[in-house]
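To start, the structure under review is shown below, and the notes come after it.
Each reported figure results from applying straightforward, stated rules to the coordinates on display, with no laboratory input. All values derive from a computational prediction rather than experimental measurement. Cβ placement follows ideal geometry from the backbone for every residue including glycine, while neighbour counts extend to all protein chains displayed.
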Amino acid sequence: MASNDLPRELVCRPQTVFLEQASQRRILHCSDIHVGRRFDPEPAEKLVEFARNLRPDAIVVTGDLTMRARRSQFRRVRAMLQRLPHPLIVIPGNHDIPLYNLPMRLFAPFRNYARYIADLDDGTLDLGVCAVWAVNTVCPYMHQKGWFREEDMRALEIWSQSLAPDTWRIVVVHQHFANTPDNPRPGIYFRAAYCLRRLAQAGVHLVLHGHVHQSGVFLGREFFPQLEEPIVVAAAGTVSSGRTRGNDRIYQFNLLTCSRNTLEIEVWNWNTQSRTFEAGPKRLFEKEMFMKRGSSWRS
Ligand SMILES: [Fe+2]
Ligand SMILES: [Fe+2]
């Protein structure tokens with residue numbers, strides 16, 4: 001029994017869930033809640049309200065739940081996450097391990113995360129028209145820098161092969177693969193271009209991440225022109241940390257709509273006047289662009 005008297009199975013965690021078939025699925029992707037210094041409870045509460053009204057088919061939270069991985073911070077974010085509808089997939093970010101407590105960072109970095117949020121097993125969610133695979137990419141030795149472990153990459157390849165050919169394959173991680181000009185951030189994956197190519201070659205269509213505190217939707221080759229295989233990379237900004245970044249410097253989350261032949265990603269922005277989230281720009285991707293014609297891609 002966890003410390004707030006709720007059974008552990010009510011705590012959000014990566015999980016294997018198979019739901020009834022539907023021709024369309026909506027996934028709410030939010031990130032970088034950062035309970036602690038400069039946490040703003042107002043947008044966090046609005047996000048919970050939005051999610052409870054929308055009831056998406058899944059919610060994905062791409063890490064940095066806390067500011068300094070303290071127990072009091074985890075308790076508070078856990079109470080918030082428990083109010084979100086399920087299924088809920090959560091992974092840790094680099095702020096969910098201690099920064100200054102070096103012995104704990106090296107020898108028990110995920111102790112508080114595992115105690116209050118979830119275990120660290122890779123999580124999968126099969127929604128029929130799309131499927132999600134979530135993995136912990138935090139490296140305690142380097143704190144910020146993203147790290148794809150070889151065993152996780154292999155597990156992902158097996159997972160992808162096990163899915164129906166026309167299922168949208170979505171991978172959930174914390175750090176980013178490349179910087180945008182208005183928001184240079186440390187933490188990019190070790191061998192980022194190689195990792196992204198390997199994901200694309202495994203048949204992954206979309207990677208969701210956080211960490212950069214700025215929403216953005218890109219094709220992989222917009223970062224790496226030499227990348228032949230098509231893959232989409234979508235970042236969710238911070239939903240509730242005053243440490244917003246980039247030109248817009250605003251709270252954000254993303255809403256995905258997966259249909260059989262299309263994938264739409266819509267950015268939702270905080271409106272400082274109405275003090276609520278509003279739909280912003282969106283990008284649409286056709287399934288056809290991921291299909292190969294002869295030796296070349298259709299995109
Ligand atoms: Fe963050
Ligand atoms: Fe981060």
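DSSP assigns beta bridges within the chain; of those with both partners inside it, close to 60 percent run antiparallel. Considering only Gln161, Ala58, Gly237, the residue lying farthest towards the positive end of the dipole of the chain is Gly237, judged by Cα position with unit charges set on Cβ. Dimensions of the chain based on its C-alpha atoms, expressed as ranges along the principal axes with the largest first, amount to 56, 43, 41 Å.
For Val90, the residues 5 or more places off, or on other chains, whose built amide H falls under 5 Å of its own are Arg13, Val61. Charge dipole of segment 105-191 (Cα centre as origin; +1 on each Lys and Arg Cβ, -1 on each Asp and Glu Cβ, all else neutral): 480 debye, rounded to the nearest 20.
Amide hydrogen proximity for Tyr251: with H placed 1.01 Å from N in the peptide plane, the residues at 5 or more positions away or on another chain lying under 5 Å are Trp270.
For the chain, which longest stretch is free of loop sites, where a loop site is one of the chymotrypsin sites (Phe, Trp or Tyr not before Pro) that DSSP puts outside H, G, I, E and B and that has at most 12 other Cβ atoms within 10 Å?
Values: sites that count: Tyr100, Tyr141.
The longest uninterrupted stretch comes out as 142-299.
For segment 142-159, 3J(HN,Hα) computed residue by residue from phi via the Karplus equation (6.51, -1.76, 1.60; θ = phi - 60°) reads 10, 6, 8, 5, x, 9, 8, 6, 4, 5, 5, 4, 5, 4, 5, 4, 5, 4 Hz, glycine and proline entered as x.
With θ taken as phi - 60° and the Karplus curve 6.51 cos²θ - 1.76 cosθ + 1.60 applied, the whole-hertz 3J(HN,Hα) list for segment 106-114 is 7, 9, 8, x, 9, 4, 5, 4, 5 Hz, x standing for glycine and proline. Please list, or write none, the aspartates and glutamates whose alpha carbon is within less than 12 Å of the alpha carbon of Lys292, excluding same-chain residues fewer than 8 places away. Excluding near neighbours in sequence, the set is Glu228, Glu229. Here r is the Cβ-Cβ distance between Thr272 and Arg191 and R0 is 41 Å; the resulting FRET efficiency, rounded to 0.05, is 0.55. Sorting the segments 22-31, 257-266 by their residues' average number of neighbouring beta-carbon atoms within 10 angstrom, most packed first, yields 22-31, 257-266.
Return the single residue from Pro98, Pro186, Pro140 with maximal mean-square fluctuation; model: Gaussian network over the chain, springs between Cα atoms under 10 Å. Judging by the Gaussian network model, the answer is Pro186. Annotation: amide H-H contacts under 5 Å for Gly280 (H modelled 1.01 Å from N, sequence separation of 5 or more, or interchain): Val267, Trp268, Asn269.
The phi torsions of segment 29-38, fed into the Karplus equation with coefficients 6.51, -1.76 and 1.60 and a -60° offset, translate into couplings of 10, 10, 7, 6, 5, 6, 4, x, 4, 6 Hz, rounded to whole numbers, with Gly and Pro shown as x.
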